[in-house]
């Protein structure tokens, strides 16, 4: 099992937990919590594959993603009261997922011969569309559209990967650098409370 | 015309009426009511076909579904004041749609060579994604994620069908048993007010 | 460059501005404003292409649409305070986009051998799904489902185009008549404050 695949599964689990927690907070029942966990974990990659025309999407070709997301959602539902102490760890694993999803999505789009901007957008979609759908289903304006350097971390990593690939950098090295950049920017943004400007400011 | 197709059309009409009623309640205009009727009736099967890569989706191959959904939405709009007495019948027809959509979706996914969990998810998506989209467009947390044994009825039927097919049961019999189970669970849930647990309980 | 393509780009820019403005009004950050601008500008055509199975969608084949939508969103973000005086012009350009998107979507659906109602629906989706997604992301009931003759202008033009094509009218002439009808109905609706009936009225 490659490192990238291992990180991909870590990210899937972290995203599923974040979705399940959002469902619990909105007083959803067990089914709703599972749906939010699943959608958050696989929504981004699924939308990317729909747009690329790669059917069925990745998680229906390798059901490991589905089983993992369902299992983590059920665990989160069962252990909800004991998860407060894990808040910091979850943010850390979530950042790993963010970085991994961005580089996987961007690289896949380049492989499917998309242009530079298209590939960047696919990377960002892979990392963020699941969380956006989670917030829409929870009837909230998606957090990512309002504050925090979350999407910007993705954007940075995605653009960096496109540039590195364009410059002929070794594939594995380029993926590693880009993913590490996303994770670092995201963790620094949490630590120092960075935020993007708004038009009103 | 097969029994399954007849039930499919009954379900399509019932789902269109439920979508149109939601649009009327949210004070939408005639166009909005038609959109909600259409989306509720065909949204689930359309998302399933997008995910399976079966383009264009079923309702664009056989436009009967589109004409039926539009006609029922217009009728609901016109006869809105007289429909209160139909509330019980609508719940009954809605349950028929639920059971039919679940087995059609699950079987189609198996035919497209999806795995067991993938097929179950496709069955649930076919039966519920239309109603979820209806509630998102009406700016509400989808009812199905919050309460009632609605999705669970689907889940039960979908898992049952996958198991029956796996066990080599005759196709028509398996479809009939699974659909009847969904309908029975759903009607019993309405009658006895069953609900799934929430994490706070 | 054909006239239709030029109008298509004008409409894309106008839709991007409307999306970016909605994001600014909902206090989104720079990233959120870009997402809403992009989604509003390309969401309708992208959903149409997903449904038709034409992958990847138009804007990933010709990235001009993506660059234009991103650039207009950034400009709108930067010049927000100075755009009040442009309100009337924006409504005008928005109407041009509406008419252009409707005829492009309807014609493409006919080319993909969809039936009459399917083609009409694809035209309406092309012109309205972007704005609907914009409003869902901004956590509001889509404006188009509630009031104004906006969707009806699309519906009129789409049905007219299908009838003209069916009657054997010259392609360019049919497109021109249908697009002009949408634009005229939309501008008259703004001028005279037309609205569709609701069930409660």
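The values are calculated or read from the model by the stated rules, or taken from the named source; none is laboratory data. Nothing here was measured: the structure is a model prediction, and the numbers come from that model. For neighbour counting, all protein chains shown are included, and Cβ atoms are generated from backbone atoms with ideal geometry for every residue, glycine included.
Of all residues in region C:8-17, none satisfies being within 11 Å of another protein chain (Cβ to nearest Cβ), crowded, with 24+ Cβ neighbours inside 10 Å, in contact (Cβ under 8 Å) with a residue 40 or more places away in the chain and closer than 21 Å to residue C:144 by Cβ. Screening residue B:132 on (1) under 22 Å from residue B:17 (Cβ atoms); (2) in contact with a helix residue (DSSP H, G or I) (Cβ under 6 Å, 6 or more places away or on another chain) shows it passes everything except condition (2).
Looking at region B:139-147, can you tell me whether even one residue there is outside any helix (DSSP H, G or I), within 14 Å of chain A (Cβ to nearest Cβ), in contact with a strand residue (DSSP E or B) (Cβ under 7 Å, 6 or more places away or on another chain) and over 15 Å from residue B:43 (Cβ atoms)? Outline the logic, then answer.
Quick first cut of region B:139-147, residues outside any helix (DSSP H, G or I) only: B:139-142, B:146-147.
Subset that is within 14 Å of chain A (Cβ to nearest Cβ): B:139-142, B:146-147.
Next cut, in contact with a strand residue (DSSP E or B) (Cβ under 7 Å, 6 or more places away or on another chain) only: B:146-147.
After this cut, where a residue has to be over 15 Å from residue B:43 (Cβ atoms) as well, the list is B:146-147.
Yes.
Of B:189, B:151, all but one fail to be under 16 Å from residue B:119 (Cα atoms), within 14 Å of chain A (Cβ to nearest Cβ) and either in contact (Cβ under 8 Å) with a residue 60 or more places away in the chain or under 19 Å from the mean Cα position of the chain (by Cα) (or both); the exception is B:151. Would you check which residues across region B:76-105 are more than 26 Å from residue B:188 (Cβ to Cβ) and away from chain C (no Cβ under 12 Å) and list them? Passing the criteria: none in range.
Conditions (1) at pLDDT 90 or above; (2) within 20 Å of residue B:100 (Cα to Cα), marked per residue:
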| residue | (1), (2) |
| --- | --- |
| B:141 | no, no |
| B:150 | no, yes |
| B:163 | yes, yes |
| B:181 | yes, yes |
| B:193 | no, no |
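The helices (runs of 4 or more DSSP H) falling completely within region C:1-116 that include 3 or more residues that are closer than 24 Å to residue C:139 by Cα map to C:3-25, C:30-52, C:64-78, C:87-111. If the condition is being free of Cβ contacts under 8 Å to residues at least 40 places away in the same chain and on the phi > 0 side of the Ramachandran plot, then region B:97-148 contributes only B:113. Taken over region C:37-68, residues that are facing chain A (nearest Cβ under 7 Å) and either at pLDDT 95 or above or within 17 Å of the chain's Cα centre (by Cα) (or both) amount to 7.
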